[in-house]
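*Asks:* Structure provided below as structure tokens; questions to follow.
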Amino acid sequence: MQNLSWWKHAVVYQVYPRSFQDSNSDGIGDLNGIRERLDYFVELGIDALWISPIYPSPMADFGYDVADYCGIDPIFGTMTDFDRLLDEAHRRGLRVLLDFVPNHTSDQHPWFLESRSSRDNPKRDWYLWRDQPNNWQSHFGGSAWEFDNRTGQYYLHEFLKEQPDLNWRNPEVKAAMFDALRFWLRKGVDGFRVDVMWLMIKDDQFRDNPPNPAYELGMSSRARFLPVYDADRPEVHALVAEMRGVLEEFGDRVLIGEIYLPVHQLMQYYGPELRGANLPFNFQLLQCPWTADDLAGAIRDYMAHLPTGAWPNWVLGNHDKPRIASRIGPDRARAAALLLFSLPGTLTVYYGEELGLQDVPIPHDLVQDPAEKRQPGIGMGRDPERTPMPWDNSPACGFTRGTPWLPLGEVNPSLNVEQSRHDPHSMLALYRRLLQLRRAEPVLVAGALTQLSSQDGVLRFLRSDGKKRLAAVVNLAGEERSIPVEDGAIALATDLPRAGEQVHQSVVLKPAEAMVIAIHD
């Protein structure tokens, strides 16, 4: 492990800053709130924080509409607050990653204000303008083109009309954005998660996307067409390699790419000779049906496609997808946690997963997410998985002394940190044990993954490094299963009292039970 880059053995914790901790009673989380909770990450055993966007923004998409890449939005605090957070995190041995949003800016960014001021403005070509729109569709519904009355042309926005897309084919855009990266790297930021990396470059001929033969009524408007010309263009890989080069000017930093693509396309983002993203985010567990057969297939497919020398990574949840405890149920979410921590490579945990938080139904009049407001009723809303972190039993669960920007729900307050800390059977206690085991057993980080199989609803595999062998078994059947295993001892189980139990030739698992077994040599 000492020979690995820090990010290769890291567990990364995603902080959604609006919902983590409010320090000034306005109902919205902020940087000082995160700083106040740094000891929580140390206690949990986390290695790095990834903080979702904190830049100045009109908040049309809660920070993913950036108006200044080198500033802090007053909602979250000041640059002094950020510097103090970064310094105190580093003093605790915690790394800090920022979100980088390169595909688009806010329509209030000075660059776009200049670009739309006239057709001959020097920054006109910093964005994508056309006399006539093609059929490209926004991820948030409707055409991806917006007519601008002032100059009589359409500009491209893959998301909201308030989020115009940058023209990354323009070298001035590239230089300005790379300088923004350097601004934060000079401060000591340890890396970036790059938003929608696969969308950064579009077809230079602006060709129409072909119809999607699988489209059905009720799907989003974007699903009407196959994203051939406005996503995953071949030229993007050279751009990602250049971005990686910027980070390498500053030593051992990490570049993580958000990429929703099939596995064989995802792997291209490691780049030729692994000169692309260090970690193209692996969302297989996030998107896979939760059966032993499907999971075994997804894990096998991912590991088989991984280029030689590339480092794997795994994700169970994020700010755009329903929480794991809501997707598969609280009991299976415990098994999912053990599965995650038994897989090789870098792991990412979404805030609140360690408590077992569930999605919160949001009443129509309290909906905040523009994706839901624009296409109501088709499941685009992301508010349910972005609700505030419950810290204690106080009226707003210790998140704020004001009114939370989203409701906390009925179930989540009972899963609060303070109560979970004192319950050895809580999800928090399980996560702490899993993090401790992963730190104690390097084989779980870098060992080989072999003997992957699924049978009768049970997923199993072996982790080995020539010195130690650990077997992971996960019962996803709806009933008890007896599984043949080599002799050993249970190192960790979702059922706490079973830790240390000796195993001889077979082990019985209850429904949704999972365990790691240290095999005797």
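*Asks:* Could you pull out every one of the helices (runs of 4 or more DSSP H) wholly within segment 223-295 that has 3 or more residues that are more than 19 Å from Gly309 (Cβ to Cβ)?
*Replies:* On the way: elements: 236-248, 263-266, 284-287.
Where helices (runs of 4 or more DSSP H) fall fully within segment 223-295 and carry at least 3 residues being more than 19 Å from Gly309 (Cβ to Cβ), they are 236-248, 284-287.
*Asks:* Going by what's in this entry, would Leu357 be described as modelled with pLDDT of 95 or more and closer than 22 Å to Thr450 by Cβ?
*Replies:* Criteria not met by Leu357.
*Asks:* Among the residues of segment 1-29, how many are part of a loop (DSSP other than H, G, I, E, B) and either touching a His at 6+ places or on another chain (Cβ under 9 Å) or under 15 Å from Ala396 (Cβ atoms) (or both)? First the steps, then the outcome.
*Replies:* Taking segment 1-29 and keeping what is part of a loop (DSSP other than H, G, I, E, B), we get 1-5, 9-10, 16, 20-29.
Narrowing the set further to residues that are either touching a His at 6+ places or on another chain (Cβ under 9 Å) or under 15 Å from Ala396 (Cβ atoms) (or both) leaves 1, 16, 20-29.
Here the count works out to 12.
*Asks:* Turning to a different aspect of this structure: For segment 262-277, does any single residue satisfy the condition of being out of contact with any helix residue (DSSP H, G or I) (no Cβ under 8 Å at 6 or more places or on another chain) and within 24 Å of Leu94 (Cα to Cα)?
*Replies:* The answer is no, given that none of the residues of segment 262-277 is out of contact with any helix residue (DSSP H, G or I) (no Cβ under 8 Å at 6 or more places or on another chain) and within 24 Å of Leu94 (Cα to Cα).
*Asks:* Another question, then. Could you please give the count of residues in segment 317-373 that are assigned to a loop (DSSP other than H, G, I, E, B), more than 25 Å from Ile259 (Cβ to Cβ) and out of contact with any Ser or Thr (no Cβ under 7 Å at 6 or more places or on another chain)? Outline the logic, then answer.
*Replies:* Step one: filter segment 317-373 for residues assigned to a loop (DSSP other than H, G, I, E, B), giving 317-323, 329, 343-345, 351-352, 356-363, 367-369.
Okay, now just the ones that are also more than 25 Å from Ile259 (Cβ to Cβ), so 329, 356-358, 360-363, 367-368.
Checking which are out of contact with any Ser or Thr (no Cβ under 7 Å at 6 or more places or on another chain) leaves us with 329, 356-357, 361-363, 367-368.
Of the residues in segment 317-373, 8 are assigned to a loop (DSSP other than H, G, I, E, B), more than 25 Å from Ile259 (Cβ to Cβ) and out of contact with any Ser or Thr (no Cβ under 7 Å at 6 or more places or on another chain).
*Asks:* Would you confirm, using the coordinates I've provided, whether Arg116 is buried (at least 17 other Cβ atoms within 10 Å of the Cβ), of a type outside the set (A, V, I, L, M) and free of Cβ contacts under 8 Å to residues at least 60 places away in the same chain?
*Replies:* On the way: buried (at least 17 other Cβ atoms within 10 Å of the Cβ): yes; of a type outside the set (A, V, I, L, M): yes; free of Cβ contacts under 8 Å to residues at least 60 places away in the same chain: yes.
Yes.
*Asks:* Let me ask another. Working only within segment 374-397, note down all residues that are assigned to a loop (DSSP other than H, G, I, E, B), in contact (Cβ under 8 Å) with a residue 24 or more places away in the chain and not hydroxyl-bearing (Ser, Thr, Tyr). Break it down into steps so the answer makes sense when it comes.
*Replies:* Quick first cut of segment 374-397, residues assigned to a loop (DSSP other than H, G, I, E, B) only: 375-382, 386-397.
Next, only the ones that are in contact (Cβ under 8 Å) with a residue 24 or more places away in the chain stay: 375, 378, 380, 382, 386-393.
Across segment 374-397, the qualifying residues are Gln375, Ile378, Met380, Arg382, Arg386, Pro388, Met389, Pro390, Trp391, Asp392, Asn393.
*Asks:* Of the residues Leu295, Leu217, which single one is in contact (Cβ under 8 Å) with a residue 24 or more places away in the chain and hydrophobic (A, V, I, L, M, F, W, C)?
*Replies:* Details: Leu217 fails: in contact (Cβ under 8 Å) with a residue 24 or more places away in the chain.
Leu295 is the lone residue from the list that is in contact (Cβ under 8 Å) with a residue 24 or more places away in the chain and hydrophobic (A, V, I, L, M, F, W, C).
*Asks:* In the set Ala518, Ala491, Ala472, which member is in a strand (DSSP E or B), over 17 Å from Arg334 (Cα atoms) and of a type outside the set (S, T, N, Q)?
*Replies:* Values: Ala491 fails: over 17 Å from Arg334 (Cα atoms); Ala472 fails: over 17 Å from Arg334 (Cα atoms).
The match here is Ala518.
Residue-by-condition table, conditions (1) among the aliphatic types (A, V, I, L, M); (2) buried (at least 18 other Cβ atoms within 10 Å of the Cβ); (3) out of contact with any Phe, Trp or Tyr (no Cβ under 9 Å at 6 or more places or on another chain); (4) assigned by TED's automatic domain parsing to the domain that holds Gln358:
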| residue | (1), (2), (3), (4) |
| --- | --- |
| His422 | no, no, yes, yes |
| Glu441 | no, yes, yes, no |
| Gln455 | no, no, yes, no |
| Arg463 | no, yes, yes, no |
| Ala471 | yes, yes, no, no |
| Gly478 | no, no, yes, no |
| Ser482 | no, no, yes, no |
| Leu496 | yes, no, yes, no |
| Gly500 | no, no, yes, no |
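*Asks:* Follow-up question, since we're still on this one. Test each condition in (1) modelled with pLDDT of 95 or more; (2) farther than 25 Å from Leu347 by Cα; (3) in contact with a helix residue (DSSP H, G or I) (Cβ under 9 Å, 6 or more places away or on another chain); (4) surrounded by fewer than 20 Cβ atoms within 10 Å (Cβ to Cβ) for Ala60 and report the one that comes out false.
*Replies:* The failed condition is (1).
*Asks:* Within segment 374-390, how many residues are at pLDDT 90 or above, under 19 Å from the mean Cα position of the chain (by Cα) and over 14 Å from Ser326 (Cα atoms)? Give the derivation first.
*Replies:* Step one: filter segment 374-390 for residues at pLDDT 90 or above, giving 382-390.
Next, from what is left, pick out any that are under 19 Å from the mean Cα position of the chain (by Cα): 382-389.
Still in the running and over 14 Å from Ser326 (Cα atoms): 388-389.
Here the count works out to 2.
*Asks:* Return the residues of segment 466-494 that are modelled with pLDDT under 95 and among the acidic types (Asp, Glu); say none if nothing qualifies.
*Replies:* If the condition is that a residue be modelled with pLDDT under 95 and among the acidic types (Asp, Glu), then no residue fits.
*Asks:* Ala298 passes all but one of (1) within 30 Å of Arg182 (Cβ to Cβ); (2) part of a helix (DSSP H, G or I); which number fails?
*Replies:* Evaluating Ala298 over (1) within 30 Å of Arg182 (Cβ to Cβ); (2) part of a helix (DSSP H, G or I) leaves (1) as the failure.
*Asks:* Tally the residues that are over 20 Å from Met79 (Cβ atoms), in a loop (DSSP other than H, G, I, E, B) and small (Gly, Ala, Ser), restricting the search to segment 44-62.
*Replies:* Counting residues in segment 44-62 that are over 20 Å from Met79 (Cβ atoms), in a loop (DSSP other than H, G, I, E, B) and small (Gly, Ala, Ser) gives 2.
The values are calculated or read from the model by the stated rules, or taken from the named source; none is laboratory data. Small disclaimer: the values here were computed from a predicted structure and weren't measured. Don't worry about glycine lacking a Cβ; one is built from the backbone with ideal geometry, like all the others, and counts go over all protein chains shown.
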